[in-house]
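For reference, the structure discussed in these notes is given below.
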Amino acid sequence: MLTLHFTLPFAQPVKAKELKIDIYDPTIFVDFSFAKKDPVDTSKVPAGCKVDLALPREMTFAEGKALSQIPADAKNTTMAWGANFANKILVHCP
């Protein structure tokens, strides 16, 4: 298990009503998850904004079976399975 903490700075401040960040591995061979306690630092989120987390859905049996057929050394980055199981951070501002 590996724990990573990182900051995603913008070159310039962004004014938006909604910001969506998807966190996943396109090949699905790496499983990402949020920390159980304080998964997102909201200390610099503007007043009135709300932060939501969306956890990925469970993989179906058929999807798991299909993925088990892909060799671990396959270099096909066009399959993008991971996007179906992304962890998401959603920031909504008025």
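At a glance:
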item	result
Some residue of the range 67-84 being in a loop (DSSP other than H, G, I, E, B), in contact with a helix residue (DSSP H, G or I) (Cβ under 6 Å, 6 or more places away or on another chain) and touching a residue at least 24 places away in the same chain (Cβ under 8 Å)	no
Sole residue being hydroxyl-bearing (Ser, Thr, Tyr) and open to solvent by 100 Å² or more (accessible area, probe 1.4 Å), chosen from Thr60, Thr7	Thr7
The range 44-66 - residue that is charged (D, E, K, R) and not in a helix (DSSP H, G or I) and, of those, nearest to Phe6 (Cα to Cα)	Lys44
Pick from the range 17-43, criterion among the aliphatic types (A, V, I, L, M) and either assigned to a loop (DSSP other than H, G, I, E, B) or without any contact (Cβ under 8 Å) to a residue 24 or more places away in the chain (or both), ranking: farthest from Thr7 (Cα to Cα)	Ile28
Evaluation of Trp81 against (1) out of contact with any Cys (no Cβ under 6 Å at 6 or more places or on another chain); (2) open to solvent by less than 90 Å² (accessible area, probe 1.4 Å); (3) at pLDDT 85 or above (one fails), failing number	(3)
Selection within the range 42-57 - open to solvent by 50 Å² or more (accessible area, probe 1.4 Å) and out of contact with any helix residue (DSSP H, G or I) (no Cβ under 9 Å at 6 or more places or on another chain)	Thr42, Ser43, Lys44, Pro46, Ala47, Gly48, Lys50, Leu53, Leu55
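The values are calculated or read from the model by the stated rules, or taken from the named source; none is laboratory data. Worth saying up front: this structure is predicted, and the values here are computed from it rather than measured. When we count neighbours, we look across all protein chains shown, and the Cβ atoms used for this are built from the backbone with ideal geometry, even at glycine. Just so you know, the surface numbers come from the protein's heavy atoms only, side chains and all, with ligands and any DNA or RNA stripped out. Shrake-Rupley method; radii C 1.70, N 1.55, O 1.52, S 1.80 Å.
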